[in-house]
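Worksheet for the structure shown next.
The values are calculated or read from the model by the stated rules, or taken from the named source; none is laboratory data. Predicted model, so just to flag it, every value in this text is computed and none were measured. Cβ placement follows ideal geometry from the backbone for every residue including glycine, while neighbour counts extend to all protein chains displayed.
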Amino acid sequence: MTAVRNGGAAVVAALLTEGVEVVFGIPGTHNLEIYRALAGSGIRHVTPRHEQGAGYAADGYARVSGRPGVVITTSGPGLTNVTTAAATAYADSVPLLVISPGIPRGLEGKNVGWLHEVKNQQGHMDALLERSVRVSEIDEIGPAIAEIFDRWRVGRPRPVHLEIPLDLLEGAWALGGKGPTAAQREMEHPSAESLTAAARLLGTARRVSILAGGGARGAGVEVLRLAELLDAPVVTTVHGKGVISENHPLSLGASARLAPAQTLLNDSDVLLIVGSELGDSDLWGGTIATSGAVIRIDIDPGQLDKNLAATIELEGDAAAILTDLIVLLSEAAGSAGQVRAGTARGEIEVAALVDGAPWREVQEVLRMALPRATIVAGDSAQVSYYGTVHFWPMDEPNQFLYPTGYATLGYGLPAAIGAKLAAPERPVIVLVGDGGFQFTGMELVTAAEQGLGLPVIIMNNSGFAEIRDQQIERGIDLIGVDITGPDFAALGVACNGYGVRLNGLDGLAEAVTRALAADRPTVIEVVL
């Protein structure tokens, strides 16, 4: 067909300029000109079965690849379908670009009955994401996308919505026309005085501890070097899981929610916090309130005094700041860190078993059966937050994909699709509950279509067990929590994959090993 140069072509040209290789989306009446340009562009397009799946897949892709995920929707319902996934990415600081058409210029807010019309589509997205950008001219499309990517390079990476009026998507675009150039931003970096003061505190302390959050995921090497230099135990949030290998003697794993880890942090004479807001979703009602000095490193200045005042605030890239501190710390007083970590580790293991005992064995069976580099994608389910978080040590960040802040159900399967597309050479598994799986289970068809050998392990306890437990604790008559699921193994086959049903954990290791070698997804239902 004859090439058409319009706003849709401008979108794809800008994505190519930014090095985008994969997009997730569903074509619709209003975004067809983007799809015209995508055809033959060299960008891989993946069609999920629901826009929510597109958002989660782009999220998983972004976490594992280290590059922004891109989602394309149509206007109205297509866009509103993706909002839960985009809000999940916002909570966990994942860079997602959501591109959609908008109502034509001049019709904004007029309620004229336009197809897919939303009262305030941009306002809807702006309320849930970092921001929503609406362009008003075709030549603004390229610079708008460039500016979004540029901000991600120097700031906190959170999802952004780009709205392009339908008349611009279909309007003529001059080949080579680029419009105004987006200004290049520079990353903030602390003053030499602040860095020297922080190094002095760390170098003279006797009980340094490090708390690493999601903002430290790109600085694992530097966190480890500093921890070893200071002999400092390292506790992470769930989002920071694997920032340093959890098999290292200074690592206390993703235990920030557990009381023994919080006690160790509070007993520090200097506490270094790297990339964490210390939110309730991190601490589960606990408190970090050390009487010692607090040094906070964060790329987002708004986080530097969030939930705990800092003695010294260091704004900027975590890896760069930590590198500077390492250079300044020619020697340190020593923190007896391995001794402190060893004492706390035993207490943490006991605390983790209080809720996690039923989920320990499944983690151990899978760990023994799978390669060490396996990526695990989970939901906000007991098998994840009581199980994988504590009983599956990870060697690197983004090896455990989990919706920490938004606590979403339905995340695991589509996130695994994105992860496998980002790292086809690595084993990727899905580990979820039966209730959460049913939110996005039809993405099995997407995984089969893409030829992805994903083991999809469903721990079937016939409902929403966590909420069931809470109803029992509150004396509420059980309601809405005992649900009937399909024949999950048969569903796997019906969705062009494979399926197996197990009663308990016998046979799980063999089943997951076979599933990894398959050319399509395998549902492994484990009846509890």
remark   = Filtering helices (runs of 4 or more DSSP H) wholly in region 1-77 for at least 3 residues that are among the hydroxyl-bearing types (Ser, Thr, Tyr) gives 51-65
task = Tell me, please, whether a residue that is assigned by the TED database to the domain that holds residue 208, assigned to a helix (DSSP H, G or I) and either among the basic types (Lys, Arg) or surrounded by 15 or more Cβ atoms within 10 Å (Cβ to Cβ) (or both) can be found in region 290-301.
result = no
key: Criterion violated by residue 320 - all others in (1) in a loop (DSSP other than H, G, I, E, B); (2) surrounded by fewer than 21 Cβ atoms within 10 Å (Cβ to Cβ); (3) in contact with a His (Cβ under 8 Å, 6 or more places away or on another chain) satisfied   = (1)
note = When region 23-52 is checked residue by residue, the ones that are buried (at least 19 other Cβ atoms within 10 Å of the Cβ) and aliphatic (A, V, I, L, M) are 23, 26, 34, 37, 38, 46
query = Of the conditions (1) surrounded by fewer than 20 Cβ atoms within 10 Å (Cβ to Cβ); (2) in contact (Cβ under 8 Å) with a residue 40 or more places away in the chain; (3) in a loop (DSSP other than H, G, I, E, B); (4) not assigned by the TED database to the domain that holds residue 287, residue 136 fails just one. Which one is it?
reply = (2)
task = Tell me, yes or no, whether region 99-120 has at least one residue that is assigned by the TED database to the domain that holds residue 62, in a helix (DSSP H, G or I), surrounded by 14 or more Cβ atoms within 10 Å (Cβ to Cβ) and not hydroxyl-bearing (Ser, Thr, Tyr).
result = no
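Here is a yes/no grid of residues against (1) among the charged types (D, E, K, R); (2) over 18 Å from residue 261 (Cα atoms):
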site	(1), (2)
305	yes, yes
319	no, yes
327	no, yes
340	yes, no
ask   = Applying the selection to region 415-451, what residues are among the acidic types (Asp, Glu) and either assigned to a loop (DSSP other than H, G, I, E, B) or within 20 Å of residue 373 (Cβ to Cβ) (or both)?
value = 425
remark   = Of those in region 214-242 that are under 21 Å from residue 90 (Cβ atoms) and assigned to a loop (DSSP other than H, G, I, E, B), the residue nearest to the chain's Cα centre (by Cα) is 239
Pick from region 259-281, criterion within 19 Å of residue 219 (Cα to Cα) and not in a loop (DSSP other than H, G, I, E, B), ranking: farthest from the chain's Cα centre (by Cα) = 271
ask   = For region 355-376, does any single residue satisfy the condition of being in contact with a helix residue (DSSP H, G or I) (Cβ under 8 Å, 6 or more places away or on another chain), in a strand (DSSP E or B) and assigned by the TED database to the domain that holds residue 230?
value = no
query = Based on what the data block shows, is residue 407 on the phi > 0 side of the Ramachandran plot and surrounded by fewer than 19 Cβ atoms within 10 Å (Cβ to Cβ)?
reply = yes
query = Where residues in region 114-166 are out of contact with any strand residue (DSSP E or B) (no Cβ under 8 Å at 6 or more places or on another chain) and of a type in the set (A, V, I, L, M), which of them is nearest to residue 317 (Cα to Cα)?
reply = 154
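Results for (1) in the same structural domain as residue 429 (by the TED database); (2) surrounded by 13 or more Cβ atoms within 10 Å (Cβ to Cβ); (3) assigned to a helix (DSSP H, G or I); (4) of a type in the set (A, V, I, L, M), shown as yes or no for each residue.
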{"site": "471", "(1), (2), (3), (4)": "yes, yes, yes, no"}
{"site": "478", "(1), (2), (3), (4)": "yes, no, no, yes"}
{"site": "485", "(1), (2), (3), (4)": "yes, yes, no, no"}
{"site": "491", "(1), (2), (3), (4)": "yes, yes, yes, yes"}
{"site": "514", "(1), (2), (3), (4)": "yes, yes, yes, no"}
Which numbered condition residue 449 fails, given (1) of a type outside the set (Val, Ile, Thr); (2) in contact (Cβ under 8 Å) with a residue 60 or more places away in the chain; (3) touching a helix residue (DSSP H, G or I) at 6+ places or on another chain (Cβ under 9 Å) = (3)
